[in-house]
Amino acid sequence: AGLSEVVRHLLGGEAPQRRFVFLFAETQALLRGELGAAAAGEGVDLEKVVELEFFPDTPAPEEAASKQQPDWVGAVASAGAEGFFLAGTYDGIVRYHRPGDAAALASVRQHQDAIKT
């Protein structure tokens with residue numbers, strides 16, 4: 001059995017199809033491939049106790065629909081705990097965006113010059 005199967009068994013079947021990523025605790029190097037080969041590549045002696053750390057493997061994020069922003073955004077700031085944010089651009093406009101789809105809810109010309117901070 002592979003290490004993921006062993007961990008699933010030790011967790012009591014809480015994560016039936018979950019895969020895990022392992023790393024050598026001493027070197028903080030990810031374990032890739034077969035344990036013996038990875039240990040040899042990291043200089044880890046398997047004749048001693050080897051401590052491995054594990055965490056759930058997560059798939060790469062999928063790119064969601066995105067809103068085009070001007071390439072001249074000079075500053076971004078949080079606008080509250082709900083995830084709203086402000087974007088200041090080089091044309092002097094500040095835009096207020098909602099979280100999730102980043103739609104601009106309001107905009108105002110704040111400066112004659114570029115907003116950089």
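Details
- Qualifying GluC sites (Glu not before Pro) in the range 34-114, where qualification requires a DSSP coil assignment and no more than 13 other C-beta atoms within 10 Å, comprise Glu34, Glu47, Glu51, Glu62, Glu63, Glu82.
- Annotation: per residue accessible area for the chain equals 74 Å², rounded to a whole number [probe 1.4 Å, protein chains only].
- A Förster radius of 25 Å combined with the Cβ-Cβ distance from Ala40 to Glu63 puts the calculated FRET efficiency at roughly 0.10.
- Under a model in which nothing but the beta-carbon of Lys, Arg (+1) and Asp, Glu (-1) is charged, the range 35-117 shows a dipole of about 780 debye around its Cα centre.
- Only one residue of Leu30, Ala60, Ala77 has its Cα farthest out toward the positive end of the dipole of the chain, where Lys and Arg carry +1 and Asp and Glu -1 on Cβ, and that residue is Ala77.
- Bins of 5 Å, starting at 0 and running to the largest distance - Cα pair percent for the chain: 2, 9, 13, 12, 9, 6, 6, 9, 10, 11, 7, 4, 1, 0
- MRE, 222 nm, helices only [DSSP H, n ≥ 4, -39500 (n - 2.57), over the chain, to nearest 500]: -3500 deg cm²/dmol
- Gain in span if fully extended, Leu10 to Arg109, counting 0.36 nm per residue against the direct Cα distance: 29.7 nm
- Taking the accessible area of the chain, probe 1.4 Å, and keeping the other protein chains in place, the carbon and sulfur fraction comes to 52%.
- Around the amide H of Ala79, modelled in the peptide plane, lie the amide H atoms of Phe84, Phe85, Leu86, all under 5 Å away and 5 or more residues distant in sequence or on another chain.
The values are calculated or read from the model by the stated rules, or taken from the named source; none is laboratory data. What you see is a predicted model; the values in this text were computed from it and never measured. With ideal geometry, Cβ positions are generated from the backbone for all residues, glycine too; neighbour counts draw on all protein chains shown. SASA here: full protein model, heavy atoms, side chains in, ligands and nucleic acids out. Shrake-Rupley method; radii C 1.70, N 1.55, O 1.52, S 1.80 Å.
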